[in-house]
Every structure is written in structure tokens, then in C-alpha cells.
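Please read the structure below before turning to the comments.
The values are calculated or read from the model by the stated rules, or taken from the named source; none is laboratory data. Bear in mind that the values here come from a model prediction, so they are computed numbers and not experimental data. All Cβ positions, even for glycine, are placed from backbone atoms using ideal geometry, and neighbour counts span all protein chains on display.
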Amino acid sequence: MKTSTGDLNTVKLSCRNVWKVYGQQPDQFFNSAEGKVENAAALSSRILNNDHILANADVSFDVHVGEIFVIMGLSGSGKSTIVRCLSRLVEPTAGEILLDGEDLLKKTDAELIDIRRHKMGMVFQSFGLMPHLNVIDNIAFPLKIQGIAEADRYAQASRVIELVGLQGRENNYPRELSGGQQQRVGIARSLAVEPDVWFLDEPFSALDPLIRKQMQDEFLRIQSKLHKSIVFITHDFQEALRIADRMAIMRDGAIVQIGRPVDLILSPADDYIREFTQDVPWESILRAADIAKPTRKKTANLPVVNEDALVETLLSQLASSADGVAVKAADGSILGVASAQSLAAALASGVSSTAVDE
Amino acid sequence: MTGTFDRHFFHWIGVVGVTVLCLWLQGDWKWLSEYPGDWVVPVSDWLNAIMDWIVKYSGWFFLGVSWVLEWPIDAVRVVLNALPWSVTTFVVCVVAYAASGWKLSLFAFLSMLYMVVIGYWFESMNTLSLVAISVPMAIVIGFSFGVWGFFSKRAERVIMPMLDLFQTVPTFAYLLPILMLFGFGTVVGLIASVMYSFPPMVRNTIVGLRGVSPEVIESGLMSGATQRQLFWQVRVPSSMRQILLGVNQATMASLSMVIIASIIGGTEDIGWEVLTQIRKAQFGESLLAGLVIALMAMVIDRITAGLATRSDNYETGEKTFIQRYRLWIIAAIGSIVFGLIAQIAAPLNDWPRAWEIDPSDAMNSSLTYLIVNFRPQIEAIKTFAFFFVMLPAKIGLQQAVSPFTWGFALTTTHKIIYAAAILGMVTFLSLRGSQKAGISVLISGIVIYFGLAGMPWPALVLIGAVAGLKIGGPMLAAGTAAGLMFIVMTGTWSEAILSIYLCGIAVVLSFVAGSAIGIWAAHNETVSRVVRPFNDTLQTMPLFVLLIPFVMIFKIGEFTALLAIIAYAIVPAIRYGEHGLRSLPDTVIEAATMIGATRSQMLWQVKIPLALPVMMLGLNQTIMYGIAMLVIAALVGTNGLEQIVYIGLSDGDFGVGIVAGIGMAIIAIIADRMTNAWSRKRQQELGLSPS
């Protein structure tokens, strides 16, 4: 799924060499506040050998404006810690967090509060709603904290309530709502201050599969309107594939691979990634451009398809013609030819451990 | 199946060996059975000296505090006494309505009417005025300490043991220092009541603030809350329910302490009324006055509990001033209206003496009738309990069995049969693999034969310490030994044993009977519904009141004390028994059903073993309740530590009273730590989360 609007080339949030170590004396492993080290693996093992817990090891990634960046990992992989480092709910041991080019870790408490009030929104796995406030007061809570007058904050809250489709529930208390509805409140609250950066920490993990699917659609619908810069945490690989523009897979506190979902499928970095990608319904992920092979041959007599056509829609054509189809880019130029052979080659690179040579 | 004998078993055999050795030697070495008077450490003299010094040099300070506190009490008292009863009643009814609805409002109305009609309005208002000052103080102090303990681990480590001490030191015991420092008067009741009632507020505040989920805190932080906003707008409101529960508990504790404090007199409140009537053996009057306390406790409890659990379903949004403050306005207007009417219609202001109803004579004569006509039965019950339960526990079969009591003398044959039966049981149990049960039987067998009072103190201290070691580890063992040695060395051991004996019997009986009722209630909805209001009532009843019915029938003495303790201590046993059985995981029950367990197998082999940790928490509470009631039971004539505390209070002997009080606190704390540690250990073994 693409949300291609927004300027994907501008970096909104950047996480550079972030380390988070728990234990007696986490600072002892770092010379400076910067997390740049010669050999991250060696340092990691040294930290572990010293009876410290390594939650994040040398994590670096960029989130672009308007992008959905998904961090996927199993429990204990450090994904929840890293998103808390990004918002400084957890103080990183070393590294840099750049928001609009400014280091968040150097901000004073007052500045940080100001940034959280205006630039950040966060959605939590178990919703984190205030039990003593009804829906509209929960959503207006961040505005109340800012000291905005009651009438103004209710007006703003009503707008986001409409956005998440909770009209008519304003006076209900969280305990009177279903899980899906509670998370809508959580989403609405995080959007009430119109943040630039939106953190979602496993927002749909506590929901039933069917509701989860609905909420994912809802989420994508909202994002298509608002174009936030998003960091989305999940342990569900399928969910990551559905919503990610780009994704990172974490393991033992470190990032194993970053890329578009299709990159992960076609060229998994190691067997760990391959375990996830194996069962993926590739035909509904791969697009014509992903399997197109540049060619010097004439393509005029071949059928033409758009680059973003899903492979599953091409299967019958590929089966009937050995020559394949020409893949046309958005600007009208021909990218190459997609054939049964190129498809097989692309899949093979994702399955076997030895990369297939072109 | 034969069990292997592990080192624990041999440790215990060693303990039994030492015990037997002590028993054997105590004829020759007198110090084994009785701690010599020369060895007593004069802690009480030291304490008295310290107290004298404090009173001498800083007495003015406390008297000043006392003088300052006297003002608000007097003010509230004057207001409550000046207000027409109809106005006060109306306001209470409106509050009751706001807290939980018209049913409670009606109950509050009838209760207040009872106080008026029976002629105890003045005394009731005096009690209420003390509560009205003490509760806000307890709440503010308790909340502050709770917040401090929440933010500072170090503060919590200091605060928590202090709370334990405040709640386990017998209530009478700390009336004494307060009396000496603050002088005679209502202030003593106030301060004692604040000291007794702020601990539950601290605990609930800490539990409440701790219980706020981390994500709620994080969402507050991400909303950009400052530390102050985070505290007052996120943490406190999110934990309001728990905090209000603390308010409820603090209020009940305050009322109960105000009543107890009236023992020092000079207050003209309802507690004093009950006490004087009991002392005059006016049972009708004491019951009528006692009922006032009970009703007052119930109304206050239901109102505060109602406020704590009320679901705030008021609609926000468009609301006029009148809608928002409807009840306040009704209360204000109603008060004025009633106040004005009362100026014309005097009975609404002051209930005429002539209209008071006094059924006490009728009650007294029917009681006399009961006692006269059922004397043989009453005596039979008393004698049976005394000869067959209380005496053996106290002085052992060795002395309790005589032709006069049991109808035969204890011959050598009897002794051999007894020893053989105990040893046989021990061997049987040990070989079946349950050496712990075997050891318990062996030690109980010895104690029952020689009696608690006949056991040498070194043996009992050793048994306590080793039990502490096995249940909770070296710290508990050391604590137990040190605590018991304090009692021994201050020369109050023999009284302590009498306390343990009386409370022990009451606890065992309460726990067995209470658990049985609880188990029954867990299986039967009707029983459960019938038992619940009884429990609620017994638990909210100030301890004084519970004595009344038993004193009426059985006169003063240990048996009356025993019954009163049981009446109070049985409640937690019932509650936890039912709760333990009801909260078992369904899957286990289903699995056992599918295996084909019969009803009794299900109960004895599945439900009870699994529910045991929770039931042990019930035992813990049973012991605490038992000790609390034991202190009050000193009023009806017991001989243990509680009596020394009481005597210390009446003689104004601070040192003696407080040493005995600390002794009781030590016993309570040891019992608490042991049962808790056992329950926790067992729960971990079963893989259940501690509740």
C-alpha cells in the first residue's frame, strides 16, 4: 500500500546509533553521549557479558515526511523501547534522535514538554485512556493540559471524533466501550493536537483479528487524509506488509534489515528474515516493476502493463506467453520485461540462501 | 509409598528433642519453666523515665497542641448540638442519596430517627463531632504520607513498618502516652483516632498511585503534561477509587477508635454511654446505646463506600448551574426550611423527653427471664467449653483431666495410650510421605499434654524460630526469636502465653467454622446471600458493641471473651474461604470434572489445596481480627497481656502498659509475617499469582 503523497525525500525524524542499556552502570560502556562505535557487535557482547540488559543496540533509521515506517519484531526485540526512545519516554543511553534536524536528547524538560504538546502524538497497545474521563474529555485531555479553554478544546475534539467515527459516544466512559472503540479514542486523542509525528505502539495487537483488519483500513484512510510521519510498531509481519511504506525488522535490540516490504521479500538479509517472508502471499505483494528485467530486445509487440500492477493480476498472461509483458513506468518509458522466468528468478532470490545471479 | 526423610525433618526432630529435654529438666532447673524475676530487663522503668522526662521538658508543647485542637472540636460540637435534629437528619439523608440512592437515604433516616427517639441524640452528635474532625485530619496526613511513600522508596521503607506498628499495637496501649502528653480531654480521643485511622489511607494511596497503568502515565506524558499536571490530573484521578476506599477505611477506623477512646471518659459521647451501662450491668440500656453505634457505623460506612464506588454517570456538556448543583441546592434549601419550621414546631428541634421510647426495662426483664430459665443449659455450655477445650489448651491434659472435670483421673495406662496414639499417628504420616503433618501432630501432641502454660519458654521460642526459618527464611527466624525474647526478658511471658492461648483457641475455632461456612457459601448461592449481610454488619460493628450480647448471657470471664473474639474473627475466615473457592481457575475444575472426580474428591483434592493460599490469607486476617478483639475483651476480664495494657491505662503506668502493648504487637506481627510468607510461598509453588 502506498501513501505516496507528501515529500518522501525530506527526513522528519532520524534515529542515529541509539543504544539503550539497563543495569547497574549503563554509562560505563560509552565514552561520549554519541552512540557511534567501531564495532557494535563487539560492544553488544561486552555489555551482555557484564550483566547488563541490552534493549537497543546501535539502532539507526530515518523516517521521511508523510511516510509510514513500520518497526516489526517479536516480543523482547526492543521495538517498544526504541519507540519510547524516540519520544524520550525512555532516555536512550547513547545516540541521537533528530526531529526536524534538532537533537531531541539535548532538549530541556520544558522544551520537551512543548514538543510533545505540539509535534508528537502516540497511540498505545492497551489504549492508555484515563479511566476517570469520558470519551470527549479523554480526547480533549492533551488540549486541557495546554490550558486551552473548554469550548475550544471540545470543538477540536469533536473534529477528531468525527475523523475516527465515534460520534454519539462522547459521554461514554472507556469501560463502556469495546476494545476497537477504545482504540479509536486513543487514536483521536493522539491526533487532537495535530502532531507532525505519530507514534503507534502495537495499536491493534489487543484487538480481535477481524476488528484489527478494520482498524488497519481505518488507519490507512486517516493517513491518506492527514499525511503524518508515522512510526508504527507491530509484531505482526502481515500487518507490517499491509501498511508499511518502509519497514525495519528488529531482533535482540538491533535492526536486522530495513527496506520496502518487497525488498525484504525479494532479498531477505538472512535466514531470520526469510522465516517471516516464507509464508507471505508474494503474488499480492509483488508488482510488475519488482519482477521486470531490463532488456535490449524490442518490446513493441508485447502487451504493456503498468509498473504498479500486482503480479497476481498478470499470472494468466505470464502463463500463456513465454515472452512476457512489457512494464511501463509512470512517465511512459518501458522499464523492462516481466516474464515467467523473471518472476521465478525474483522468487528464487527470496527463497534460497544463495542469491540468484542475474 | 514411603517418603524420604529430608534435612527439614531432622531439624524438626532436633527441635522436638530439645523440647522434651526442657520438659524433663524443668523440674530441676526452675528457670526453664519460669523466667527468673532477677533477669528481667526493666524496660518499663526506662520507658517511664523517658516519658517523665518528655512530659517535664516538652509537656508545654503538647498541651499547646492540645489547646489548639480543642477549638475545632468544640466548634463542630456546638454546631451539631445547636442544629435541630431535623436539619442534620435531612442533610445526612441528602448525602446518603447522593452516595448511593434512596434506599440508603431511607436507612440513614431511620437510623437517625432511632437515635432521636431512643434519646441518644446528644451523645451521638458528640461522637460525630470528634469523627468529623479526625477524618479530614487522617485523610490529609494519610494522603501526604502515601504520596511521599509513593515517590520515595526510602520513605516507603520507613513508613510501612510504622504503619504495621500503629495498627498492631493494641488500641488501649497508645491511648496512654497520648493521655500523658496531651492531657485529659476530648483531644486524646481525636489524636488516638487520627493515629489509628491514617494508616489505611496511606496504604490505599500508595496502592492506588502504584496501580495506575504505565500506559496511562505515558499517554499523560505524551500529552505534554508537566510533573504537577501528571500528578493531579492523571495519577490522582486515575486512582481515585482506591483512594476513596482508603477514606472509607479511615472513617471506619476513626469511628471505632473514637468509641474506644471514650474509655478514658470525660466525653459524654455514645461510647462512654455504652461503657457505663455495661459497668452498671444495665444490659437493656447498653444494647440500645450499642445499637446507636452500630447504626452510625453502618450509615457512615455505606455512605463513604457508596462515594468510593459510585459510577460517575453524570452527563457532561450542556448543564445549567441548577442541574449541576442540584443536590447542594436541595440540601441548603431543605436545611433552611427545616430550620425555620423547627422554630415553630419544637419537636423538630428538640425531641421532647416525654416522647422518648425506652424499652430497656422490658429488655432487661426478658433477659433475666432467659437467664433464669435457661441457667442449666447456659452453664452446661460454659462448663463443657471450659473443661474440654479451654483448660486442656491452657494447662494441658496432664492437669486438666481429673475426676472433677472429666470424670476420671489420668492413670499411667491413659498416658501410655495417649503417647502411643500420637507416636503411631506421627509414624503413619511420616511414612506416607507427609512428614510436615507428622511433625505438626507430634508438637501439638506435646503441647496439648503439657498445656501452653506448662511449656518451657526456651522450647516455645525455639519452635517459633525454627518455624520462622522454614516458612520465611533466616530473617523471619531471627525476627521471631528476637521478638519472643523481648517478651521473655521484659517479664511478661506468662501473660503473653495466656493471650496466645485465648486468641489461639478463638482463631482455630473461627478459622475452622468460618472456612466451613465459606466453603458452603461458595457452593450455594442462598447461603452466600444470607451470610453476606451478617459479615458486613459484624465487620462494621465497633468492637465494643460485640461484647454486649455475650456479656449479657455468659457474664464476665474468659468464655465471654472467647465468644466475642470468635464473633469478630470468623468474618475474614468466611470471606476468604468463599473467595478462595470461587476464584479458582475454571479450567482446573473442568479438567477435574472430566477426569471424573466425585464431589468430595473435587473438594478435598482439587479445590481446597488450590484455594489454600487464599484461605491462609484469611487465617492471617482472622488472627489480626482476633488480636484486635482480644484487646477489647480485656474489659470483660481476661488475664493476658491485654489485661496488663488495660491496667496500665487505668493506673496511668505508661511503661508497663506500653511494654505489654508492644508484646501484643510482636505477637501480631510474627503471626502476620508467618501466615503471609506461607501463603506467598505456597502460591508461588502452585504458580498462582499472589492476589
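Taking region A:206-234 as the range and being crowded, with 16+ Cβ neighbours inside 10 Å, farther than 17 Å from A:Pro195 by Cβ and under 15 Å from the mean Cα position of the chain (by Cα) as the test, the residues that pass are A:Gln216, A:Thr234. When we screen B:Ala138, B:Ala98, B:Ala132 for residues that are surrounded by 15 or more Cβ atoms within 10 Å (Cβ to Cβ) and in contact with a Phe, Trp or Tyr (Cβ under 6 Å, 6 or more places away or on another chain), the only hit is B:Ala138. From the list B:Trp31, B:Trp60, B:Trp12, the one residue that fits, being closer than 15 Å to B:Val461 by Cα, over 32 Å from the mean Cα position of the chain (by Cα) and without any contact (Cβ under 8 Å) to a residue 60 or more places away in the chain, is B:Trp31. Keeping to region A:227-236, report how many residues are over 19 Å from A:Asn9 (Cβ atoms) and out of contact with any strand residue (DSSP E or B) (no Cβ under 6 Å at 6 or more places or on another chain). Total meeting the criteria: 2.
Apart from one condition, A:Leu314 fits all of (1) crowded, with 18+ Cβ neighbours inside 10 Å; (2) closer than 30 Å to A:Met250 by Cβ; the exception is (2). A:Leu129 meets the conditions (1) farther than 29 Å from A:Gln257 by Cβ; (2) within 14 Å of another protein chain (Cβ to nearest Cβ); (3) surrounded by fewer than 23 Cβ atoms within 10 Å (Cβ to Cβ) in every case but one. The failed one is (3). Counting only helices (runs of 4 or more DSSP H) that sit wholly inside region A:140-255, those with at least 2 residues that are away from every other protein chain (no Cβ under 13 Å) and either over 29 Å from A:Phe61 (Cα atoms) or in contact with a His (Cβ under 9 Å, 6 or more places away or on another chain) (or both) are A:150-163, A:179-191, A:209-226.
Against the condition among the acidic types (Asp, Glu), under 23 Å from A:Gln146 (Cα atoms) and either buried (at least 18 other Cβ atoms within 10 Å of the Cβ) or assigned by TED's automatic domain parsing to the domain that holds A:Ile222 (or both), how does A:Glu162 come out, does it pass? When the stated conditions are applied, A:Glu162 does not pass them.
Here region B:480-511 is the region considered, the condition is being more than 23 Å from the chain's Cα centre (by Cα) and not hydrophobic (A, V, I, L, M, F, W, C), and the residue that is nearest to B:Thr638 (Cα to Cα) is B:Ser494. Output the residues belonging to region B:647-665 that are free of Cβ contacts under 8 Å to residues at least 12 places away in the same chain and of a type in the set (D, E, K, R). Matches in region B:647-665: B:Asp651 only. Does B:Ile574 satisfy the condition of being outside any helix (DSSP H, G or I) and under 30 Å from B:Ala289 (Cα atoms)? It is false that B:Ile574 is outside any helix (DSSP H, G or I) and under 30 Å from B:Ala289 (Cα atoms). For region B:237-265, the set of residues classified as within 14 Å of another protein chain (Cβ to nearest Cβ) and polar (S, T, N, Q) consists of B:Ser238, B:Ser239, B:Gln242, listed by residue number.
Screening B:Pro199 with (1) within 14 Å of chain A (Cβ to nearest Cβ); (2) surrounded by 20 or more Cβ atoms within 10 Å (Cβ to Cβ) gives one miss only, at (1). Being buried (at least 17 other Cβ atoms within 10 Å of the Cβ), among the aromatic types (Phe, Trp, Tyr), under 24 Å from B:Gly224 (Cβ atoms) and away from chain B (no Cβ under 11 Å) holds for only one residue in A:Phe61, A:Phe69, and it is A:Phe69.
Filtered by the rule that a residue be surrounded by 10 or more Cβ atoms within 10 Å (Cβ to Cβ), free of Cβ contacts under 8 Å to residues at least 60 places away in the same chain and assigned to a helix (DSSP H, G or I), region B:349-375 gives B:Ser365, B:Ser366, B:Thr368, B:Tyr369, B:Asn373, B:Arg375.
Cβ separations smaller than 6 Å between residues 6+ apart or across chains give the following pairs from region B:619-646 residues that are in contact (Cβ under 8 Å) with a residue 24 or more places away in the chain and under 15 Å from B:Thr675 (Cβ atoms) to residues that are small (Gly, Ala, Ser) and part of a helix (DSSP H, G or I): B:Thr622/B:Ser510; B:Thr622/B:Ala569; B:Thr622/B:Ala573; B:Ile623/B:Ala671; B:Tyr625/B:Ala569; B:Gly626/B:Ala506; B:Gly626/B:Ala569; B:Ile627/B:Ala668.
One residue stands out among those in region B:75-91 that are in contact (Cβ under 8 Å) with a residue 24 or more places away in the chain, part of a helix (DSSP H, G or I) and not β-branched (Val, Ile, Thr): the one that is surrounded by the fewest Cβ atoms within 10 Å (Cβ to Cβ), which is B:Asn81.
Exactly one residue among B:Leu460, B:Leu476 is at pLDDT below 90 and either over 29 Å from B:Met425 (Cα atoms) or crowded, with 18+ Cβ neighbours inside 10 Å (or both), and that residue is B:Leu460. Filtering region B:202-232 to residues that are at the interface with chain A (Cβ under 7 Å from one of its Cβ atoms) and in a helix (DSSP H, G or I) leaves B:Glu215, B:Val216, B:Glu218, B:Ser219, B:Leu221, B:Met222, B:Gln229. Note on region A:38-50: residues that are farther than 21 Å from A:Lys79 by Cα and not polar (S, T, N, Q) total 3. Between B:Ser105, B:Ser134, the distinction of being among the hydroxyl-bearing types (Ser, Thr, Tyr), within 19 Å of B:Asn81 (Cα to Cα) and either in contact (Cβ under 8 Å) with a residue 24 or more places away in the chain or not in a loop (DSSP other than H, G, I, E, B) (or both) belongs to B:Ser134 only.
When region A:10-45 is limited to residues that are assigned to a strand (DSSP E or B) and aromatic (Phe, Trp, Tyr), the one that is farthest from A:Phe232 (Cα to Cα) turns out to be A:Tyr22.
Per the listing A:Arg84, A:Arg116, the residue uniquely within 12 Å of chain B (Cβ to nearest Cβ), under 21 Å from the mean Cα position of the chain (by Cα) and closer than 26 Å to A:Phe29 by Cβ is A:Arg84.
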